[in-house]
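Novice: The following block contains the structure, expressed as C-alpha cells.
Just so it is clear, none of the values below were taken in a lab; they were calculated from the coordinates. Note that the coordinates shown come from a computational prediction; the quantities given were computed from them, not determined experimentally. Positions of Cβ are generated from backbone atoms using ideal geometry, with glycine treated the same way; all protein chains shown enter the neighbour counts.
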Amino acid sequence: MKFKFFSFLIVLIFTGYTVVYAQLGIKGGVNLASEIKSLNSSEIIAGVNASNLTGYQIGLVYQAMPKKSGLGVEIGALLSQKGSVIDSTNLDYSIKQGYRELNYIEVPLNLRYHISIGFIGFYGFGGVYGGYELNGKVVDEIVGTTQDETFQTFMDHVDYGYNLGAGVELFRKVQLGATWSQGVKNVSASGITPGTNRVLSVNLVYLF
C-alpha cells in the first residue's frame, strides 16, 4: 500500500513538472517613489510638493506558467523602500524641506503573459500587492532632525494597491523590466494632506 502511494506521488510530481514551467529568482532594482496628495485648497496645492525619493527593491520572485501557454502567474516577497521628498516652504508645516522614507515588506501577485522569439522573450503583467511597513522616518534637512514613524494600530503599517509592468527576457534566465505601482490606501503622516504611495521601479531578475 505504501509503495503504491509513493509511486502515485512520484508520478503526480513528475506530471506537474512537465506541464508547468516554474522558476525561482532573485529580484533587485531601484524605486522612484512619491506620494500622490489629495489636496482641496489652492493654497495647499501651491505650497506642497512631493517629488521622487530614490530607494531600493530586493527580494525573491516565483514565476509559473503552463508550458503550452504564455499566460502564467508571479508571486514575490520583496523589501521595498518608498516615500517622497518634501517641500512645503510656503506653508506653516513642521517639515519645510526634507524627505519621508518608508521601508516595507511587500508581496505582489501578478498575472503574466510571455512570448519568446528565439532566446529573447517579452512579457507584460498586472496584478495587486500588499505591504507591511517595517519602519519609517521623516527627515527635516533644514533643522537637521529625524523623526521615526509611529503606529497606533496594525492598519497603520499596511499598504495595498495594484501593479502594471513589462520587460524583456534573455535565455529564460535574465529579465530587465519596469513596474509601476499605485497604492489605494492613505499612508500620509498628515491628516491635512492625505496621500497614497506611487512607485516606478526599474528592476533586474535572475532566474534559477
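Novice: Net charge within 9 Å of Tyr123 by Cβ-Cβ distance, Lys/Arg positive one each and Asp/Glu negative one each, not counting Tyr123 itself? Could you put the intermediate results ahead of the total?
Specialist: On the way: positive: Arg112; negative: Glu169.
Value of the local net charge: 0.
Novice: Please give the Cα centre distance for segment 65-86 versus segment 152-202, rounded to the nearest Å.
Specialist: 10
Novice: Can you tell me the length gained on complete extension of the stretch Ile105 to Val184, counting 0.36 nm per residue apart and subtracting the Cα distance? Numbers along the way, then the final one.
Specialist: Working: separation 79, 0.36 × 79 = 28.44 nm, distance 1.68 nm.
That pair, Ile105 and Val184, stretches by 26.8 nm at full extension.
Novice: Within a Cβ distance under 15 Å of Tyr21, other residues only, what is the Lys/Arg minus Asp/Glu net charge?
Specialist: So the environment of Tyr21 carries a net charge of +3.
Novice: Rounded to the nearest 0.05, what FRET efficiency do Gln152 and Ser69 give with R0 = 35 Å and r taken as the Cβ-Cβ distance? Could you check? Write down the numbers at each step before the final one.
Specialist: Numbers: r = 46 Å, r/R0 = 1.32.
For Gln152 and Ser69, the calculated efficiency is 0.15.
Novice: Quick check: pseudo-label points 7 Å beyond the Cα along Cα→Cβ at Asn135 and Tyr21, how many nm apart are they?
Specialist: Spacing of the two 7 Å Cα→Cβ label points: 4.2 nm.
Novice: For Lys173, Lys27, Lys82, Lys68, what ranking results if the residue with the fewest other Cβ atoms within 10 Å of its Cβ goes first? Present the calculation step by step, with values, prior to reporting the outcome.
Specialist: Working: Lys173 13, Lys27 23, Lys82 27, Lys68 7.
With the sparsest Cβ surroundings first, the list reads Lys68, Lys173, Lys27, Lys82.
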